[in-house]
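K.L.:
This is the structure I want to talk about, given as structure tokens.
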Amino acid sequence: MSRTGDNNKKKKDNNALNRQKNEHAQSNAQHGKHDYSKKTDHL
């Protein structure tokens, strides 16, 4: 079987992506978005 690879691919900068995700999550947490609470609203 022949091996087909793309040697011209750009490498992903996962550290930058993770840093961006963490900053986004941190800003959402500061604004109170996506909060998890065990308290039920319907009782």
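K.L.:
Stretch K33-R3 to full length: gain in nm at 0.36 nm per residue minus the Cα-Cα span?
P.N.:
Full-extension gain reported as 6.1 nm.
K.L.:
If you don't mind, there's one more thing I want to ask. Radius of gyration and Dmax for the chain's Cα atoms, expressed in Å?
P.N.:
That works out to 20.4, 64 Å for Rg and Dmax.
K.L.:
Could you tell me the number of lysine pairs in the chain with C-alpha atoms less than 28 Å from each other, where the two lysines are 8 or more residues apart or belong to different chains?
P.N.:
7
K.L.:
Right, here's the next one. Mean residue ellipticity at 222 nm from the helices of the chain, using -39,500 (n - 2.57) per DSSP H segment of n ≥ 4 over the full residue count, to the nearest 500 deg cm²/dmol? Present the calculation step by step, with values, prior to reporting the outcome.
P.N.:
Details: 1 runs with 17 residues, N = 43.
Mean residue ellipticity at 222 nm (helix-derived): -13500 deg cm²/dmol.
Any read-out appearing in this document is the output of simple, stated calculations on the displayed coordinates, not a laboratory observation. These numbers were taken from a predicted model, which means no experiment stands behind them.
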